[in-house]
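Participant: First, the structure itself, so that you have it in front of you.
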Amino acid sequence: MPSRRPESRYKTPCAGCYRDTSLDITCSRSLLLPLGCRIGAHIYPAVSAVHTTSAQPEILSSNSYIMMSNTAAPSPITVSRTLAPRRRELVLLAVLLLPHLFLVSAAAARQCFWPGQAPEDSGCLSWRVMVEANNARGWRTVPDQCVAYVRGYMTRGQYLRDLAGVMEQASAYVDQADADGLDAWVFDIDDTCLSNLLYYEGKQFGAYDPLAFKAWASKEACPGIPPVLGLFAALLDKGFKVFLLSGRDEEALGPCTAANLEAEGFSGYERLIMRSPEHRGQSSSVFKSAMRKQLVEEGYRIRGNVGDQWSDLQGDCVGDRVFKIPNPMYFVP
Ligand SMILES: [Mg+2]
């Protein structure tokens, strides 16, 4: 018996689902990804044909449409013939749009793995990582857009957390080492033992100013860096010889540097080595390499080397292990 389908009850398909005005039917199907059709409180897959002989619908067979009738249900074959052209249209549409769907999916995946920068970032985290990894070299000042970022990094806890991590690694290395009187460690001074954060913050992390820095260092007011002092003390306890090696000018800043170190707890070291007149004009890397080489020639074995600049940690006789303290404030060649 042929089915009766009052036109008023079968409206334009909603992306594959007929909407029946007499029953509570809505289509929740997207264009290419069928989600299903809601009939009353029930969700039916959009790939199933549904008919009702009462108020309660039921799934009949696999089909892209939902068929509704209160009188008689059409056979699945009739449904397929009736809807075949529509199915061809949908298949054609899917073929045309499938490449675009892949592009959208790929873009979404890229967003997931490569999230955009936070609005407040301005690439400063990437810049700091480049600095610490020694990929960014020769820079004279913190980039303008990163001054606030560097100030925040240095003063709001992350610097101290990173520094603590470095010291933990160094301490673990020290714990498994023995010293026999010739085993030595080398420490840089500026922003390794003593902090110049107050000075550089006051200068807005600008370019190196030798006269202003000399005035600052002469005050003997550089705060000690406690986690480094802890490692320093542990090394002395284990019998290591500790050498403090600084590019500061010995004639101009020797006494005040020694006094500042003493006041901040750095005492008991083997020798304070600073830049003597014959080494003026040399890069830090060249000067410190020469000083370390001299220690090795004296018979010391440099087991560890701590500094805030890569120029402290590269060159000749750098030691068995080096430990880089973070410093995004300035670069010393
Ligand atoms: Mg330094």
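All of the numbers you see were taken from the coordinates with simple rules; none came from a lab. Quantities reported herein were computed from a predicted structural model and do not represent experimental measurements. Cβ: placed from backbone, ideal geometry, glycine included. Neighbour counts: every protein chain shown.
Participant: Under 5 Å between amide H atoms, partner at least 5 residues away or on a different chain: which partners does GLN282 have, H built in plane at 1.01 Å?
Facilitator: none
Participant: Using a ≥ b ≥ c from the Cα gyration tensor of region 215-285 (square roots of the eigenvalues), is it rounded, prolate or oblate, where a/c under 1.5 gives rounded and otherwise the larger of a/b and b/c decides, a/b for prolate?
Facilitator: Because a/c hits 1.5 or more and a/b fails to exceed b/c, region 215-285 counts as oblate.
Participant: If you don't mind, there's one more thing I want to ask. For LEU97 and ASP320 in the same chain, what is the full-extension length gain: residue separation times 0.36 nm, less their Cα-Cα distance, in nm? Show your work: numbers first, answer last.
Facilitator: Details: separation 223, 0.36 × 223 = 80.28 nm, distance 6.06 nm.
Once the chain is fully extended between LEU97 and ASP320, it gains 74.2 nm.
Participant: Describe numerically, in nm with one decimal, the distance between label points set 7 Å from Cα along Cα→Cβ at ASP180 and at SER267.
Facilitator: My value for the distance between the label points is 3.2 nm.
Participant: Shifting gears a bit: How large is the Kirkwood hydrodynamic radius of region 245-317, counting all unique pairs of alpha carbons, in Å? Intermediate results must be reported in sequence, preceding the final value.
Facilitator: Numbers: mean 1/r = 0.0764 Å⁻¹.
Mean inverse Cα-Cα distance, inverted, gives 13.1 Å.
Participant: What's the extension gain from THR155 to GLU251 if we count 0.36 nm per residue and subtract their Cα-Cα distance?
Facilitator: 31.3 nm
Participant: Over the C-alpha atoms of region 124-324, what are the Rg and the largest Cα-to-Cα span, Dmax, in Å?
Facilitator: 16.5, 50
Participant: If you average the alpha carbon positions of region 257-296 and of region 177-197, how far apart do those two centres end up, in angstrom?
Facilitator: 11 Å
Participant: So what does log10 I(q)/I(0) come out to for region 205-331 at q = 0.11, 0.12, 0.20 Å⁻¹, using the Debye formula with one equal point on every Cα and no solvent?
Facilitator: -0.39, -0.46, -1.47
Participant: Using 0.36 nm per residue of separation minus the Cα-Cα distance, give me the extension gain between ALA136 and GLN282 in nm, one decimal.
Facilitator: The ALA136-GLN282 span can extend by a further 50.5 nm.
Participant: Label point 7 Å out from ALA207 along Cα-to-Cβ: which residues of region 300-333 have amide N under 16 Å?
Facilitator: 330-333, by backbone N distance to the label point.
Participant: Between SER122 and GLU298, what is the FRET efficiency for a Förster distance of 51 Å, r being their Cβ-Cβ separation, to the nearest 0.05?
Facilitator: Calculated transfer efficiency: 0.60.
Participant: If you rank TRP139, TRP127, TRP216, TRP185 by fewest surrounding Cβ atoms within 10 Å, what's the result?
Facilitator: TRP139, TRP216, TRP127, TRP185
Participant: Let me ask something else. By per-residue mean of other Cβ atoms within 10 Å, what is the highest-first order of 162-173, 264-275?
Facilitator: The peptides rank, most packed first, as 264-275, 162-173.
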